[in-house]
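Chemist: Questions regarding the structure given below will be posed in turn.
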Amino acid sequence: MNTLPKYRFLDLAEVNAPYAAKLREAACRVIDSGRYIGGHEIEQFERKLSAIFRAPHCIGVSNGLDALRLSLMALIISGRLSEGDEVLVPANTFIASFLAISHCRLRPVPIDPEPDTMVISGRSIANAVTSRTKAIMTVHLYGRIAWDDEMAEIVRRHNLLVIEDAAQAIGAVSPTPGLFLSNRAAAIGHIGAISFYPTKNVGALGDAGAVVTHDAQLAEIVRQLANYGSAERNEYIHKGFNCRLDPIQAAMLSVKLDYLRSENAERFARATAYNNTISSPHVITPPISNSPTDCVWHQYVIRTPLRNQLRSFLLENGVETDIHYPIPPHRQPAFSELSSYHLPVTERLADQILSLPISPGCISVKDASDIARIINQFK
Ligand SMILES: *Cc1c(COP(=O)(O)O)cnc(C)c1O
């Protein structure tokens, strides 16, 4: 039985098919321009990002992990963080959040998320902040804003730095104001990272990412670090890296960014159809608010104690699913130093979560209702 399931979890060719003509045109533009590093495409792309995030400084970089690492390094170089400082981070995030902290010789301190929203809140960090806590990396996991009044209050009271891992949350808007002049995911805290990995809500045709900040000094350092640590030609201020964004990806992304709102609205419509139709007593659906922007539904994640059985049942019925993520970072061999942490919410979630198809390129709103009805047949 080698046929594809009727409902694919994700098919990137289908995701990009509606944009194919414009992508080809943009690719040709770059080919003919002779400008393959930096230049007009990058500048135009970064201006688009500034409008989306309502933040003055947006820097295209190589990928989301590098965006996180450059953000943390800029905080270190500017003297706001130092080696060994503790950074709170949700334990149920993708491993890249942890990797970035470790690579910068900072200490990740994993904390449990709220069991219902699966993101951290002020309540989750209230008891975790100690005198060693210098920063919090909040992760808008699955596209859901992880920022609230209580978190803002704790951050201000303890003078914490806020780094946002907004890799999954482009276009999400926080009901609670950010620390500066924007409430857009990635622009809420001191510095934020976006990923344009092909499977993200806005995906490049390869690797790409961005750093977002209101802080001119941090922005300047990130720009320099991404370009060998250079301020101007032949002058190197930092021991930097090569983490630049390719103009060809900037051109691809400039096409797709114009559809950010409508794509996210399509995701919200699918999430709403799932939530309105799933009635299985075995399944807990994710909370959904009336606002289509508190969560941009990068993933639609249900919980069930019968996860593996439901997953097999769905596959037998033509529905492909995925798990984000089956093993949390503190249970990975790479982070054996964190293995003594016990994070009951995260560990339970890892056994119970199941991601249903949500990509507008792969399933329609009706498909979502049909998949929900298949779930309701699960005994
Ligand atoms: C995808 C992702 C990253 C890393 O982005 P890349 O572009 O793949 O390097 C970081 N954090 C989270 C939460 C992600 O989902």
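Chemist: Of all the residues that make up the range 184-204, how many are near the ligand (Cβ under 9 Å from one of its atoms) and not in a loop (DSSP other than H, G, I, E, B)?
Modeler: 3
Chemist: Now for a separate question. Residues to consider are Arg223, Arg233, Arg244; find the one that is at pLDDT below 95, on the phi < 0 side of the Ramachandran plot and not hydrophobic (A, V, I, L, M, F, W, C).
Modeler: None of the others qualify; the one that does is Arg233.
Chemist: Check whether at least one residue in the range 260-275 is touching a Ser or Thr at 6+ places or on another chain (Cβ under 7 Å) and without any contact (Cβ under 8 Å) to a residue 12 or more places away in the chain, and report yes or no.
Modeler: No; the residues of the range 260-275 include none that is touching a Ser or Thr at 6+ places or on another chain (Cβ under 7 Å) and without any contact (Cβ under 8 Å) to a residue 12 or more places away in the chain.
Chemist: Give me a count of the residues in the range 133-165 that are of a type in the set (Val, Ile, Thr) and away from the ligand (no atom under 15 Å from the Cβ).
Modeler: Counting residues in the range 133-165 that are of a type in the set (Val, Ile, Thr) and away from the ligand (no atom under 15 Å from the Cβ) gives 4.
Chemist: Can I ask one more? When you go through Ser82, Ser102 one by one, which is the residue that is closer than 30 Å to Arg348 by Cβ, away from the ligand (no atom under 12 Å from the Cβ) and among the polar types (S, T, N, Q)?
Modeler: Unique residue meeting the criteria: Ser102.
Chemist: Another question, then. For the range 215-328, which helices (runs of 4 or more DSSP H) that fit wholly inside it have 2 or more residues that are more than 29 Å from His190 (Cβ to Cβ) and in contact with a helix residue (DSSP H, G or I) (Cβ under 7 Å, 6 or more places away or on another chain)?
Modeler: 247-257, 260-277, 307-316
Chemist: Oh, and also: Residues of the range 99-133 being hydroxyl-bearing (Ser, Thr, Tyr), in contact (Cβ under 8 Å) with a residue 40 or more places away in the chain and assigned to a loop (DSSP other than H, G, I, E, B), which ones?
Modeler: If the condition is that a residue be hydroxyl-bearing (Ser, Thr, Tyr), in contact (Cβ under 8 Å) with a residue 40 or more places away in the chain and assigned to a loop (DSSP other than H, G, I, E, B), then Thr117, Thr130 are the ones that fit.
Chemist: Would you tally the residues in the range 159-179 being in contact (Cβ under 8 Å) with a residue 60 or more places away in the chain and open to solvent by 10 Å² or more (accessible area, probe 1.4 Å)?
Modeler: 7
Chemist: Moving on to the next point. Could you run through the range 305-325 and say how many residues are open to solvent by less than 70 Å² (accessible area, probe 1.4 Å) and not small (Gly, Ala, Ser)?
Modeler: 13
Chemist: Is it the case that some residue within the range 146-154 is touching a Pro at 6+ places or on another chain (Cβ under 6 Å) and surrounded by fewer than 24 Cβ atoms within 10 Å (Cβ to Cβ)?
Modeler: No, the conditions are met nowhere in the range 146-154.
Chemist: Suppose we keep only residues that are touching a strand residue (DSSP E or B) at 6+ places or on another chain (Cβ under 6 Å) and open to solvent by 10 Å² or more (accessible area, probe 1.4 Å) within the range 120-132. Which one would you say is farthest from the ligand (Cβ to nearest atom)?
Modeler: Arg132
Chemist: Moving to a separate point now. Pull up the range 7-62, narrow it to residues that are open to solvent by less than 70 Å² (accessible area, probe 1.4 Å) and at positive phi, then point me to the one that is nearest to the ligand (Cβ to nearest atom).
Modeler: Gly38
Chemist: Only one residue in Ile221, Ile170, Ile188, Ile163 is over 16 Å from the mean Cα position of the chain (by Cα) and among the hydrophobic types (A, V, I, L, M, F, W, C). Which one? Give the steps one after another, and end with the answer.
Modeler: Working: Ile170 fails: over 16 Å from the mean Cα position of the chain (by Cα); Ile188 fails: over 16 Å from the mean Cα position of the chain (by Cα); Ile163 fails: over 16 Å from the mean Cα position of the chain (by Cα).
Testing whether each residue is over 16 Å from the mean Cα position of the chain (by Cα) and among the hydrophobic types (A, V, I, L, M, F, W, C) leaves just Ile221.
Chemist: Being buried (at least 20 other Cβ atoms within 10 Å of the Cβ) and under 25 Å from Met137 (Cα atoms) narrows it down to one of Asn264, Asn242, so name that one.
Modeler: Of the residues listed, the single one that is buried (at least 20 other Cβ atoms within 10 Å of the Cβ) and under 25 Å from Met137 (Cα atoms) is Asn264.
Chemist: Give me a count of the residues in the range 82-109 that are hydrophobic (A, V, I, L, M, F, W, C) and in contact with a His (Cβ under 9 Å, 6 or more places away or on another chain).
Modeler: Residues of the range 82-109 that are hydrophobic (A, V, I, L, M, F, W, C), as a first pass: 87-89, 91, 94-96, 98-101, 104, 106, 109.
This time we only want the ones that are in contact with a His (Cβ under 9 Å, 6 or more places away or on another chain), so: 91, 94, 98.
Number satisfying all stated conditions: 3.
Chemist: Mind listing whichever residues of the range 205-214 are within 9 Å of the ligand (Cβ to nearest atom) and either assigned to a strand (DSSP E or B) or over 17 Å from Leu23 (Cβ atoms) (or both)?
Modeler: Within the range 205-214, Gly209 is the sole residue that qualifies.
The values are calculated or read from the model by the stated rules, or taken from the named source; none is laboratory data. The structure displayed is predicted, hence computed values, not measured ones. All Cβ positions, even for glycine, are placed from backbone atoms using ideal geometry, and neighbour counts span all protein chains on display. Note: areas computed on protein heavy atoms with side chains; ligands, DNA, RNA excluded. Shrake-Rupley method; radii C 1.70, N 1.55, O 1.52, S 1.80 Å.
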